[in-house]
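Down below is the structure, laid out as structure tokens.
Just so it is clear, none of the values below were taken in a lab; they were calculated from the coordinates. Just so it is clear, the model here is predicted, and its values are computed rather than measured. We place every Cβ from the backbone using ideal geometry, glycine too, and count neighbours over all the protein chains shown.
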Amino acid sequence: MRRLPIILLMLILGVGAGSIIGCRSIRPKEKRKLVIIGIDAGTWTLIKPLLQENKLPNLQKLIEQGSSGPLTTFKVTKISPVLWASILTGKKPEQHGITGFISARGFPVNSTVRKVKDLAELLSEAGYSVGFVGFWSSWPAEKVSGEMVSDLLSLGRYKDTSAQANAATMDYSYLMKLHQVTYPEELLKEIYPVLLTPKQVPREDFSRLALFNDQEWERFENDNLLSREDVESLLKFSYVSDLNFERVALYLAENKKPEALAVYFEGADIVGHFFWKYMEPQYFSAVPAREVERFHDTYRNYYQALDGFIGQLMKVSGPDTAFLIISDHGMIRVPREGLDANHSGTHARGRPPGIFIFSGPGIKKSAEPIKGAGLLDITPTVLYYLGLPVAEDMPGKVLTQVFSDEFLAKNPLRKIRTYDRKPRRVKEEQSPLDQEIINKLRSLGYVR
């Protein structure tokens, strides 16, 4: 009998990393539950003093019961879709294909540009039910085992050239005419009653973020134009977007009960960029006194609102659910006024680290900050925690220091060569709201 080549023999016997691909052995022996919360520009610079003042009780609980520390970001931190794609694929930009806000073909990047599978796809293929909400470049929403809500849901029809057109858009019904805003498609109709327009958000919600007299509130309430020269518009639409993603995530948690739920909040990045100067006006020239009075605590208040969102998700999740809180980078005060135009908070200089907070069954309780964690370590660590093999073509590592000794002993690390055996062939497609996306990016100063 002819001797089988050793590689073929290994495949038949199920030995070796590459043999797991496409086989049942990629499925976990034991399923676990996980909630991932992505906070764009979540920063220890603000979180630490708020913790000392007992202003973030839910984050405090997760930190005390788990492991946490800085998350090293990339050298270039300006482009959020690049960073989040790396976080959710475990791959470098040259591997996953998202390298900027705008694709090589000239339209805003979306899921059709990505060359490799992301965490939602990997977990779905491994038999996990998932619910992913709002992450960068997630439209068109792809088929998963569960639910996918794309970032297109957050885009109200706010055109920086037409306040009149904005005022005429009183609800989100225009989304119904678009395809793959969610997966499955019918999910959009199901979650539609959950969504709030800016007009429907009560005054007391916004009053927890900033101060308003009646005249200021009337102007704020009727503000329909997103503009970087109008910081109140940035606050308004950032909060409404995050609030809706929170409400959708809660709906999925309570009604669909995914084993892996993930939700993204963008507002902390925008508020940090534009409201830092009110928190520390002594470092900036000619900040109007009334604006300082109104917005002095807005940035800090926004983090307290996010802490409330986290608390709501903790409340509807069982005690057997782990929580992973991450950010793509941190935020610092601009080192010298004028460096970032309208921005008074920045991450373009100094490479401020993001946040990493992991708490739940199997996670070590550590009072000391973890060291050596980076963006590319998130997907390998999540795969390992959920009982799945880690791909050798993922440059990052499993953060074994965050797991208890008992967990590590019971769960030996498994590896495979790759999850991307074949190139991901998806026809690149432009979003029907590309102009709105570009207008938003322009109003934030991200593109010209």
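Summing +1 for each Lys or Arg and -1 for each Asp or Glu among the other residues whose beta-carbon sits under 15 angstrom from that of residue 420 gives +4.
Two tests apply to each whole DSSP H helix in the chain, Cα reach of 18 Å or more along its axis and mean Kyte-Doolittle hydropathy of at least 0.0, and the ones passing both are 231-255. Dipole orientation for the stretch 32-443: of the candidates 173, 188, 85, 85 has the Cα lying most toward the positive pole (charges on Cβ; Lys, Arg +1; Asp, Glu -1).
Under 1.5 on a/c is rounded, so check that first for the stretch 185-291, then, if it is not, pick prolate when a/b is larger than b/c and oblate when it is not; a ≥ b ≥ c are the square roots of the alpha carbon gyration tensor eigenvalues. Verdict is prolate for the stretch 185-291. Average projection, convex hull of the Cα set of the stretch 394-448: 8.0 square nanometres. In terms of Cα atoms, the Rg and Dmax of the stretch 248-320 work out to 17.1, 51 Å. Out of (1) 25, 58, 15, 2, 0; (2) 16, 34, 32, 14, 3; (3) 25, 56, 18, 1, which label holds the value of P(r) over Cα pairs in 20 Å bins from 0, in percent that was computed here? The listed entry that was calculated here is (1).
Annotation note: GluC sites (Glu not before Pro) in the stretch 27-118 located in DSSP loop regions with a Cβ neighbour count of at most 16 within 10 Å are 30, 53. With a 10 Å cut-off between alpha carbons and a GNM built on the chain, which of 401, 200, 430 moves the most? Its mean-square fluctuation being the largest, the pick is 200.
Per residue of the chain, the DSSP helices (runs of n ≥ 4 H) give a summed -39500 (n - 2.57) that works out to -10000 deg cm²/dmol at 222 nm.
State whether the stretch 216-368 is rounded, prolate or oblate according to the following rule on the C-alpha gyration tensor (a ≥ b ≥ c being the square roots of its eigenvalues): a/c under 1.5 gives rounded; otherwise a/b larger than b/c gives prolate, and the remaining case gives oblate. Note, shape of the stretch 216-368 comes out oblate. Of all aspartates and glutamates in the structure, those lying under 17 Å Cα to Cα from residue 92, and not within fewer than 8 positions of it along the same chain, are 118, 328, 377, 392, 393, 420.
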